[in-house]
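Trainee: I have a structure I would like to understand better, so I am pasting it below and will then ask my questions one at a time.
The values are calculated or read from the model by the stated rules, or taken from the named source; none is laboratory data. Just so we're clear, the structure is a prediction, and the values are computed from it rather than from any experiment. Every residue, glycine among them, receives a Cβ derived from its backbone with ideal geometry; neighbour counts consider all protein chains shown.
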Amino acid sequence: MRKLHHFHGGIHPPSNKEQSTRTAIVRAPLPSRLVVPLQQHAGETAKPVVQAGDHVLKGQLIGMPDGFVSSAVHAPTSGTITAIDMQLIAHPSGLPNLCATLIPDGREEWIERKPVNCRERSPAELQNLLRMAGVVGLGGAAFPSDVKLRIGAGKVGTLILNGAECEPFITCDDMLMRERAADIVQGAELLRQLLDADEVLYGIENNKPDAIAALQQAISDSALNHEAIAIPTIYPGGSAKQLIRVMTGLEVPSGKLPTDIGVQCFNIATAFTVHRALALGEPLLSRIVTVTGNVRNAQNFEALIGTPIAELLALAGALPDTDGYIMGGPMMGFSLPDVHVPLVKATNCIIAASKKLFPPPAPAMPCIRCTRCVEVCPADLQPQDLYWFAQSREFGRAQAFSLFDCIECGACSYVCPSHIPLVQYYRFAKSEIRAREHDKQLADQARERHEFHEQRIEREKREKAEKLAAREKAVQAESIPGSQTLTPQQQAEQAELEARRAHILELAKSEVEHAKE
Ligand code: SF4
Ligand code: SF4
């Protein structure tokens with residue numbers, strides 16, 4: 001039996017997971033309109049390769065990756081593209097982004113799907129196939145998976161499949177593991193091969209016994225040497241650094257990546273998608289999403305990317321006193337700017353909120369230095385000090401106190417008896433620091449450009465002066481008689497001329513002498 005470890009702190013909020021695990025995953029009906037954002041991943045927005053009026057097939061590329069950290073975007077069904085324009089998307093900024101609007105034709109007509117024989121392809125080819133299949137992390141961050149594989153290839157001994165799903169309300173990974181464990185295991189094995197990892201461990205919180213059993217059965221059926229491990233249920237045990245600590249005892253140092261200590265993590269839903277992309281030739285077109293909270297039938301839907309979230313909430317039966325919508329969990333999620341925004345690859349959960357479910361927070365009071373926040377911080381930070389530095393805009397000190405190691409889990413805010421929205425202060429401080437660093441970078445670039453410009457002007461002046469001096473020297477040399485360099489022929493001609501001149505002079509002299517005589 002594998003020895004498990006602990007991380008510092010953590011909390012036990014009510015899980016609220018039972019409501020959405022009573023029924024199997026339901027396939028959401030085809031919506032009448034899909035809006036597919038061209039940036040659903042970390043990094044650069046994909047470049048549109050279709051235009052309004054184009055007919056597209058299910059799985060057809062509509063957004064080409066653009067840059068090292070970027071990922072492809074595809075038509076989730078067959079139909080007609082009616083617009084490529086800026087639309088509101090599910091993002092905390094509430095800002096619009098470039099989207100493709102697709103009106104389905106109802107035929108679900110696929111492109112030709114080409115399963116890949118992975119044994120015949122190099123790791124670089126497979127990484128590129130995943131990039132072109134639009135495979136990104138489905139745990140919430142949506143980081144392009146091919147980039148994680150490129151970073152980790154050859155450096156990773158332990159591959160961890162993250163099935164912890166520690167945040168309250170969210171159950172999409174739990175249901176996926178229960179229902180599609182065999183595909184997850186096949187995808188995990190492909191990831192292991194691409195990383196050349198020695199071992200594959202699945203970390204699943206022990207409040208999901210059905211998922212653990214399903215994965216153990218699938219591993220046993222596959223005869224692969226993988227290991228599904230039940231880990232303690234504690235929030236935020238599914239955060240990468242904390243999961244690595246629990247499963248391996250290793251600590252990811254501040255400012256370092258898991259690959260620096262020989263570990264790489266992928267979400268179990270990402271492994272499932274990797275399997276579909278390579279073994280079946282299907283790009284990422286849909287995902288499992290939990291729709292829960294203030295609804296009649298909390299459940300998990302398999303929905304096409306681009307489905308309006310309002311349609312999913314209608315399927316789950318949002319109750320009349322619903323007063324807001326959260327994407328993600330209640331701890332790390334964010335409020336949706338509008339309920340009509342489309343489902344994206346990062347949407348693991350939609351929570352219909354109400355005052356009964358999430359009572360308005362009590363007014364914030366002064367910090368009483370109780371240190372409860374310190375006790376629960378999984379990153380071993382001093383949240384009350386970070387709060388103080390952020391509030392007083394002492395950003396340098398906040399950075400010195402490892403502000404950027406804060407994973408924004410909200411455990412500190414959850415226990416704070418003064419109801420201080422601590423995470424909001426950390427986010428504010430981080431964004432200010434990033435903005436200052438960005439400004440400094442721009443100023444440095446501007447200064448460099450100015451110095452380069454000055455140097456160029458100086459060099460041009462110097463070169464002009466040197467050319468002028470050389471020309472003057474040449475003119476001077478030409479004006480000094482006899483100083484020219486003559487060719488041998490010119491020299492001979494000049495000598496002959498001189499001789500003739502001398503002869504004539506001699507004749508003239510003798511003539512004068514004879515005349516005298
Ligand atoms: S939000 Fe940051 S400071 Fe607060 S408990 Fe989590 S990691 Fe620690
Ligand atoms: S829990 Fe709240 S009141 Fe207590 S030390 Fe931390 S910030 Fe201050």
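Trainee: Can you confirm whether the range 110-128 contains a residue that is touching a strand residue (DSSP E or B) at 6+ places or on another chain (Cβ under 6 Å) and either of a type in the set (Phe, Trp, Tyr) or assigned by TED's automatic domain parsing to the domain that holds Asp173 (or both)?
Mentor: Yes; the residues of the range 110-128 include at least one that is touching a strand residue (DSSP E or B) at 6+ places or on another chain (Cβ under 6 Å) and either of a type in the set (Phe, Trp, Tyr) or assigned by TED's automatic domain parsing to the domain that holds Asp173 (or both).
Trainee: Does Leu357 satisfy the condition of being more than 16 Å from ligand 2 (Cβ to nearest atom), crowded, with 24+ Cβ neighbours inside 10 Å and not basic (Lys, Arg)?
Mentor: no
Trainee: A further question follows. Somewhere in the range 369-384, is a residue more than 16 Å from ligand 1 (Cβ to nearest atom), closer than 21 Å to Ile420 by Cα and crowded, with 18+ Cβ neighbours inside 10 Å?
Mentor: No, because not a single residue in the range 369-384 is more than 16 Å from ligand 1 (Cβ to nearest atom), closer than 21 Å to Ile420 by Cα and crowded, with 18+ Cβ neighbours inside 10 Å.
Trainee: For the range 463-517, how many residues meet the condition of being among the polar types (S, T, N, Q) and at pLDDT 75 or above?
Mentor: So the answer is 6.
Trainee: Suppose we filter Ala411, Ala429 for residues that are surrounded by 15 or more Cβ atoms within 10 Å (Cβ to Cβ), within 16 Å of ligand 2 (Cβ to nearest atom) and within 13 Å of Leu381 (Cα to Cα); which single one remains?
Mentor: The match here is Ala411.
Trainee: Another question, then. Looking at the range 286-312 only, could you name the residues that are outside any loop (DSSP other than H, G, I, E, B) and farther than 17 Å from Lys17 by Cα?
Mentor: Ser286, Arg287, Glu302, Ala303, Leu304, Pro308, Ile309, Ala310, Glu311, Leu312
Trainee: Continuing with this model, one more query. Whether any residue in the range 314-328 is surrounded by 18 or more Cβ atoms within 10 Å (Cβ to Cβ) and within 16 Å of ligand 1 (Cβ to nearest atom) is what I want to check.
Mentor: Yes: one or more hits.
Every residue, every condition in (1) of a type in the set (Gly, Ala, Ser); (2) in contact (Cβ under 8 Å) with a residue 24 or more places away in the chain; (3) within 9 Å of ligand 1 (Cβ to nearest atom), yes or no:
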| position | (1), (2), (3) |
| --- | --- |
| Tyr387 | no, yes, yes |
| Ser418 | yes, yes, no |
| His450 | no, no, no |
| Ala469 | yes, no, no |
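Trainee: Here's a follow-up. Hey, any hits in the range 386-394 for a residue that's more than 13 Å from ligand 2 (Cβ to nearest atom) and part of a helix (DSSP H, G or I)?
Mentor: no
Trainee: Being buried (at least 21 other Cβ atoms within 10 Å of the Cβ), over 15 Å from the mean Cα position of the chain (by Cα), at pLDDT 95 or above and not in a helix (DSSP H, G or I), is that true of even one residue in the range 176-193?
Mentor: No, because not a single residue in the range 176-193 is buried (at least 21 other Cβ atoms within 10 Å of the Cβ), over 15 Å from the mean Cα position of the chain (by Cα), at pLDDT 95 or above and not in a helix (DSSP H, G or I).
Trainee: If you don't mind, another one. Considering every residue within the range 148-171, establish whether at least one is crowded, with 17+ Cβ neighbours inside 10 Å, outside any loop (DSSP other than H, G, I, E, B) and more than 21 Å from the chain's Cα centre (by Cα).
Mentor: yes
Trainee: Report yes if some residue within the range 316-328 is away from ligand 2 (no atom under 16 Å from the Cβ) and part of a helix (DSSP H, G or I); otherwise report no.
Mentor: Yes.
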